[in-house]
Amino acid sequence: MPDLKSPLKIKKIELRNRLVMPPMAMNLATKDGEVTEKLVEHYRERAKHTGMIIVEHSYVDPGGKLSERQLGIYKDDLIPGLTKIAEAIKGEGCVACIQITHAGGSCNKDITGKTSVSASKDWYKDKEVKELTLEEMEEIKNKFTQAARRAKEAGFQAVEVHGAHGFLLNQFASPLTNRREDKYGSSLESRLKYPMEVVEKVKQYTEDMLLMYRMGACDDRGDGFTLEDAQIFGKKLESAGVNIIDVSGGFCGSRPEGKDEQGYYVHFAERVKEAVSVPVIGVGGIVEPEFADKIVKEDRVDLAAVGRGLLKDPEWGAEFLS
């Protein structure tokens, strides 16, 4: 039975162990989304013992930017800086992945200078949000695709499409925010159509890379996206060629109030794992290497993601993994 120390080979890429550093926004880029040396060193330090690092959410379009100093992947001029991050991670023997994203209705006009866009506008009561047209959806889909190309050219070994935490693709999947009346709304099948189209487009650049998807597996409320929905979605992602499903929360976010126990989203990952045969990542406030090891040994997840522990201590888990 595998444990946290076990390597994992997917396609031609081998992770030396099952410890993953999940994407966490550091806001260390420039205002134009450019890589800084401080950001490169941040990832280099944390790549020494982990099996994979997923570089923080990088915006594919200035209109989908969430924070002022968020990392960008929206233009070719950013590739040299992104290459520095990829090389720093790989230089420590760690697999380098980057997450690509559009924040959709979660954006702030003060940051982007533009009206926020989403699957629908009804959910957003405190700000102006525009429902995307089919033409605009196609444009954003192409921006995800070009972001994947840039990730490949920068030397990343994996790319993760961000569909969790209430961002744009999550806004299409969830009935909370998707009130559309066209072919992209209403039923679960229709709500998943746009995220799946993005995955299919991105896939064209990932033949030699790992294709990953961060799933908002549950909104944690009765009228939202459910774990049963997540199992159906997981099967679709696997059929489309996704190599790893990274399971987190939907509109309940990445750090839900009142959930302080270790592995608070591991049960989400377990449910998705029941439905698919590709590796699944579990996450959620994991602070002890022994706990991460246990959930892999028990086959509850295939990989364990540790965020805040690695932020506080780049050497987290080093002694346990040695």
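Any read-out appearing in this document is the output of simple, stated calculations on the displayed coordinates, not a laboratory observation. None of the values given here were measured: they were computed from a predicted structure. Backbone-built Cβ (ideal geometry, glycine too); neighbour counts: all protein chains shown.
Using the Cβ atoms and a cut-off under 11 Å, what net charge is assigned to the surroundings of Ile281, where Lys and Arg are +1 and Asp and Glu are -1? Here the count lands on 0. Measuring against 24 Å, Cα to Cα, the residue pairs Lys12/Lys201; Lys121/Lys141; Lys203/Lys236; Lys203/Lys294; Lys65/Lys141; Lys31/Lys109 contain Lys203/Lys294 as the ones spanning a longer distance.
Placing a label point 7 Å from the Cα of Asp208 along the Cα-to-Cβ line, the residues of segment 125-160 whose backbone N sits under 17 Å from it are 148-159.
Work out the length of the dipole vector of segment 8-321 about its Cα centre, built from +1 on the beta-carbon of each Lys and Arg and -1 on the beta-carbon of each Asp and Glu, and round it to the nearest 20 debye.
The dipole of segment 8-321 has a size of about 360 debye.
Taking GluC sites (Glu not before Pro) in DSSP loop states with no more than 14 other Cβ atoms inside 10 Å as exposed sites, the chain has its longest site-free stretch at 1-67.
Given their separation in residues at 0.36 nm each and the Cα-Cα distance between them, Glu136 and Glu288 gain 50.3 nm when the chain is fully extended. The ellipsoid equivalent to the alpha-carbon distribution of segment 163-225 has semi-axes of 23, 14, 7 angstrom, derived from the gyration tensor eigenvalues as √(5λ) and listed largest first.
Take the Cα of Ile10, step 7 Å toward its Cβ, do the same at Arg221, and the gap between the two points is 3.1 nm. Karplus-based coupling profile of segment 224-232, in residue order and whole Hz: x, 5, 10, 5, 5, 4, 5, 5, 5, with θ = phi - 60° in 6.51 cos²θ - 1.76 cosθ + 1.60 and x standing for Gly or Pro. Give me the log10 of I(q) over I(0) for the chain at q = 0.07, 0.14 Å⁻¹, as the Debye formula computes it from C-alpha points; what are the numbers? Rounded to two decimals, the profile gives -0.24, -1.04.
Toward the positive end of the charge dipole of the chain, about the Cα centre and with charges on Cβ (Lys, Arg +1; Asp, Glu -1), which of Ser174, Pro80, Leu211 goes farthest? Working it through, the farthest residue towards the positive pole turns out to be Pro80. Simple rule: put +1 on each Lys or Arg Cβ and -1 on each Asp or Glu Cβ in the chain, find the dipole, and look at Ile89, Gly282, Gln262; the Cα lying farthest toward the positive end is Ile89.
Can you put Met52, Met137, Met1 in order of Cβ neighbours within 10 angstrom, beginning with the fewest?
Ascending number of Cβ neighbours within 10 Å: Met1, Met137, Met52.
Quick one: net charge of Ser186's neighbours, Cβ under 13 Å, K/R +1, D/E -1? Neighbourhood net charge equals +2. A crude spin-label estimate for the pair Lys114 and Glu315, with each label 7 Å from Cα along the Cβ direction, gives 4.5 nm. What the Cβ-Cβ distance of Glu128 and Asp32 gives, at R0 = 35 Å and to the nearest 0.05, is a FRET efficiency of 0.90. Tell me, in nm to one decimal, what length is gained between Lys48 and Asp182 on full extension, where the rule is 0.36 nm per residue of separation less the Cα-Cα distance? The Lys48-Asp182 span can extend by a further 43.4 nm.
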